[in-house]
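Below is one structure, written out as structure tokens; comments come after it.
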Amino acid sequence: MTLINEHFASGSSVIHRIDPRIKVISAAVFTIILAISQQFETLIAGFFFSFSLVLLAGLNVKEVLKRLFVIIGFLILIWVIVPLTFEGEQLFKIGPFSVMKPGVFLSARITLKSVSILMALMALTATMALSTLGHAMSRLKISGKLVHLFMITIRYIAVIEQEYGRLLRAIKIRGFKPGTNMHTYRTFAYIIGILFVRASSRADRVYQAMRCRGFDGRFISIHEFQTHKRNGVFSALMILIIIFISILEWGHLIEF
Amino acid sequence: MHISEGVLSGPVLISGGVLAAAGTAIGLKKLDYDQIARAGILSASFFVVSLVHIPFGPSSVHLIMNGIVGLLLGWGAFPVILVALFLQSILFQYGGVTTIGVNTMIMAGPAVICYYIFCPLIHKKKPFDTIASFACGFFGVLLGVGFLWFALFFTEKNFLETATITAASHVLVMVLEGLITVFCISFLKKVQPEIFIK
């Protein structure tokens, strides 16, 4: 198993070639507006734009669906519970249960929102390598310590995962069979414990190595983001989309 | 234990975001640059541990371990959990960017509370240390579920049943988490007692 799977990161579509900083900002603004929207018109438009972004990024549709599948269980739970437990106008009855209209609307809104937001994130933030994302964040003046933390985390996830794999193989070779018993829980707890112990001593070594190479607390990124005409065009397009969905959502509040 | 995109209302998302930002700011302030490597590698370990599936009956549950995060990192739990959630949202689409504040609060808030309550208690004599360790794991999840319940309830009063069902489904996780925490802390105390944050 490999936890870090940068499936969408490589590609040659227009979206892949946009400046990562613009993608990060667009993704943040676009998804936040969708998350606080309530009108169906806005959500449907948002869904349409997210889907267009996915198409524009040329992402593998099968992989996109596989990733959306993660939230299917949650959405089923919402559709089963919310329409039945909501108070309000009754839509129809199934046996002893009455399905409530506001509950159905709310479930539909949640479904649209979550699917659109995930698609937008896949098209915009998943289409760059994680390290590029880190550089983009540092260029956007996000706290240096946080970016550091992010970079070290992505660097060491694979290492810790291998260590965990080694420990699992070691207990399997010694005849360990997981089950619902104290022995299993004790064994897993010890494995987790030893992972922390080794992580901590590895951290000491890493820090010493960083000091030896002149680490002074600054985060230096030698990566230069290129300027290109398409960045300007894409930014303008995203600004128009964001204005459009904001007008759909809040336009009725403005008197003409 | 997290809330997906598209469920919560604007005010809840914003208050979660503000609280998480404040917690992260304090956490980052307390983490010196010479501790960043340690925090980052521990963050990677928590990321891996949170995907470990522990068998339970015919099914399995996955661990949260926010109680121990608190004991090992104190306020540093906020930035560490924020980074882990951000990675989860990018890599697996668990949760998302707009809910990241609320979800950070749900996990890191209890971690810091556990740090303040249980850090002095786990070094007491037997059997108090065992009880404190169990409570640390148990309350880490319980408090998180409590925050989750409030987030849902303040979004929409009609979410009451959904929130309560979600909370109830975590009772087993709390007990299991408590047990694993007992073993894990007793192990860490024997092998590397200085690993706990002062």
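The values are calculated or read from the model by the stated rules, or taken from the named source; none is laboratory data. Given the structure is predicted, the values throughout are model-derived calculations rather than measurements. In this analysis, Cβ positions are derived from the backbone assuming ideal geometry, glycine residues included, and neighbour counts consider all displayed protein chains. Heavy atoms of the whole protein, side chains included, go into the accessibility calculation; ligands, DNA and RNA do not. Shrake-Rupley method; radii C 1.70, N 1.55, O 1.52, S 1.80 Å.
Computed packing ranks the peptides A:142-150, A:158-166, A:236-244 as A:142-150, A:158-166, A:236-244, most packed first, by mean other Cβ atoms within 10 Å. A 1.4 Å probe run over the protein chains yields, for the protein assembly as shown, 46 Å² of accessible area per residue, whole-number rounding. Dipole of the protein assembly as shown computed with +1 at Lys/Arg Cβ and -1 at Asp/Glu Cβ about the Cα centre; of A:L68, B:T162, A:Y164, farthest Cα towards the positive end is A:Y164. Among B:L91, B:L71, B:L82, the largest mean-square fluctuation in a Gaussian network model of chain B, built with springs joining Cα atoms closer than 10 Å, belongs to B:L91.
Comparing A:T125, A:T31, A:T153 in a Gaussian network model of chain A, where Cα atoms under 10 Å apart are tied by springs, the biggest mean-square fluctuation is seen for A:T153. Between the listed residues A:T187, A:A203, A:G232, the Cα displaced farthest toward the positive end of the dipole of the range A:170-232, a dipole computed from Cβ unit charges relative to the Cα centre, is found at A:T187. A dipole drawn for chain B from +1 and -1 charges on Cβ atoms has a positive end, and of B:F183, B:P11, B:M65 the residue lying farthest that way is B:F183. Split the accessible area of chain B by element, probe 1.4 Å, and carbon with sulfur accounts for 73%. Measuring heavy-atom accessible area with a 1.4 angstrom probe and counting protein chains only, the residues of the range B:136-159 that give up at least 20 Å² relative to the chain alone are B:E156, B:N158, B:F159. The relative contact order of chain A comes to 31 percent, based on Cα pairs under 8 Å that sit 6 or more residues apart. Relative contact order of chain B: 26 percent, from C-alpha pairs under 8 Å at least 6 residues apart in sequence. Chains A and B together bury roughly 6100 Å² of accessible surface, counting both sides and using a 1.4 Å probe on protein heavy atoms. Taking amide hydrogens as placed 1.01 Å from N in the peptide plane, the amide H of B:E5 sits under 5 Å from those of B:G95, B:G96, each at least 5 positions away in sequence or on another chain. Charging the Cβ of each Asp and Glu at -1 and of each Lys and Arg at +1, and nothing else, the dipole of chain A about its Cα centre rounds to 1300 debye. Evaluated with a Cβ-only charge set (Lys, Arg +1; Asp, Glu -1), chain B carries a dipole of roughly 620 debye about its Cα centre, given to the nearest 20. Taking the Cα centre of the protein assembly as shown as reference, the dipole from Cβ charges on Lys and Arg (+1) and Asp and Glu (-1) amounts to some 1580 debye.
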